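Beneath this line is the structure, given in structure tokens, with notes to follow.
The values are calculated or read from the model by the stated rules, or taken from the named source; none is laboratory data. These numbers come from a predicted model, not from an experiment. Cβ atoms come from the backbone with ideal geometry, glycine included; neighbour counts cover every protein chain shown.
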Amino acid sequence: MLKLDACCKTYRVGAFGGGELLAVNDVSFEVAPGEVVSLIGESGSGKSTIGKMILRLLRVSRGAISFEGEDISALEGRQLKEYYANVQGVFQDPFSSYNPIFKADRVFTMLRHAYFSGVSTSEWNAKLERSLDEVSLNPGDVLGKYPHQLSGGQLQRLLIARALLLDIRLLVADEIISMLDASTRIDVLNLLGELKGRGLGILFITHDLSLGNYISDRTMILRHGRVVEMGATTRVFDNPLHPYTKSLLASVPQLHTKWVALGHPPSRPEDEGVETGGALVEVEEDHFVLSATSEVGR
Ligand SMILES: Nc1ncnc2c1ncn2[C@@H]1O[C@H](COP(=O)(O)OP(=O)(O)O)[C@@H](O)[C@H]1O
Ligand SMILES: [Mg+2]
């Protein structure tokens with residue numbers, strides 16, 4: 001359904017022309033219907049850049065992104081609108097998606113103008129109620145309120161409901177539960193699980209390994225814009241092979257382990273040596289690791 005083929009993104013940085021930062025380097029993967037793919041990496045590893053390129057908020061510098069076989073860089077006007085009827089994103093900070101001076105229902109009004117102008121008010125209200133029900137929200141509790149009167153969890157669920165109204169096929173979820181309380185997190189995770197069951201493809205972007213492990217079918221570990229390991233989630237987590245993945249997994253405190261027993265995680269592979277060379281090698285079925293030669297870096 002969604003396919004990234006050797007995607008790169010360079011940012012111009014610094015004043016007076018400055019230099020270039022290769023934020024995403026040769027990233028390829030696919031998301032199928034009903035599949036949750038997690039993109040895991042530390043802050044600054046390029047996760048959001050990938051999400052934004054998929055959502056066409058940023059252009060790819062090299063490589064291509066296609067949806068149902070069609071290159072999304074070429075989409076314009078009506079076709080782009082159609083793309084957004086299939087692919088939507090929800091981001092980390094729900095407050096940034098709302099204008100504080102408008103009530104929460106404004107995000108739906110704008111959607112109605114864009115996509116449902118021919119739909120009668122009663123039909124629209126029924127649709128709206130149904131999508132709010134799907135995310136366990138009561139219209140009366142949320143629609144007439146200003147963003148500051150709602151919790152982060154409610155705002156996030158409203159944004160998911162908005163995406164669901166469009167009957168999307170792919171959701172780019174960029175750290176959507178990082179800012180939520182533990183109990184609300186579980187609600188949103190369960191909701192994503194349900195949506196997956198109905199065929200929604202999800203790119204689940206997170207810096208939290210345990211969330212990735214919990215929710216995803218496939219996992220990609222991103223470091224300095226490069227995928228260092230990817231494959232079936234069980235394979236990557238049960239048998240991590242790249243030194244970086246191993247060090248990340250060793251840094252996760254276990255629920256039943258006392259602090260004193262933890263010690264320091266093993267040191268990370270050389271941070272200066274950004275992996276520019278090498279290639280992903282399939283070491284077992286559906287488990288790819290960036291080849292050792294690339295570890296030499298520059
Ligand atoms: N608009 C931008 N201009 C220049 N550099 C950027 C821009 N956006 C992100 N970056 C840089 O690109 C890298 C990846 O950023 P990002 O994709 O936001 O990472 P993540 O979401 O994994 O934290 C970081 O080094 C970041 O500073
Ligand atoms: Mg980010």
Can you tell me how many residues within the stretch 14-73 are within 16 Å of ligand 2 (Cβ to nearest atom) and of a type in the set (D, E, K, R)?
3
Candidates Arg223, Arg185, Arg157, filtered to the one that is among the basic types (Lys, Arg) and within 14 Å of ligand 1 (Cβ to nearest atom)
Arg223
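The rows are residues; the columns are (1) surrounded by fewer than 21 Cβ atoms within 10 Å (Cβ to Cβ); (2) modelled with pLDDT under 90; (3) of a type in the set (S, T, N, Q).
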site	(1), (2), (3)
Ser96	yes, yes, yes
Pro100	yes, yes, no
Ile168	yes, no, no
Thr184	yes, yes, yes
Just to be sure I understand, how many residues within the stretch 194-230 are free of Cβ contacts under 8 Å to residues at least 60 places away in the same chain and of a type in the set (Gly, Ala, Ser)?
1
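With respect to Phe16, determine if the residue is farther than 29 Å from His287 by Cβ and assigned to a helix (DSSP H, G or I).
So Phe16 does not fit the description; no.
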Kindly indicate which of Gly18, Gly51, Gly41, Gly46 is more than 16 Å from the chain's Cα centre (by Cα), small (Gly, Ala, Ser) and within 12 Å of ligand 1 (Cβ to nearest atom).
Gly18
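Just give me the residues in the stretch 219-236 being buried (at least 23 other Cβ atoms within 10 Å of the Cβ), touching a helix residue (DSSP H, G or I) at 6+ places or on another chain (Cβ under 9 Å) and outside any loop (DSSP other than H, G, I, E, B), in sequence order.
If the condition is that a residue be buried (at least 23 other Cβ atoms within 10 Å of the Cβ), touching a helix residue (DSSP H, G or I) at 6+ places or on another chain (Cβ under 9 Å) and outside any loop (DSSP other than H, G, I, E, B), then Thr219, Met220, Ile221, Leu222, Arg223, Arg226, Val228, Glu229, Met230, Val236 are the ones that fit.
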Residue pairs within 7 Å by beta carbon, gap of at least six or interchain, first lying in the stretch 34-58 and closer than 17 Å to Ala85 by Cα, second near ligand 2 (Cβ under 9 Å from one of its atoms) and not aliphatic (A, V, I, L, M), listed first then second, are Gly51/Asp174
Take Glu30 and decide whether it is surrounded by 15 or more Cβ atoms within 10 Å (Cβ to Cβ) and more than 10 Å from ligand 1 (Cβ to nearest atom).
no
Given the conditions (1) within 27 Å of Phe67 (Cβ to Cβ); (2) surrounded by fewer than 22 Cβ atoms within 10 Å (Cβ to Cβ); (3) among the polar types (S, T, N, Q); (4) at pLDDT 90 or above, which single one is not true for Ser178?
(4)
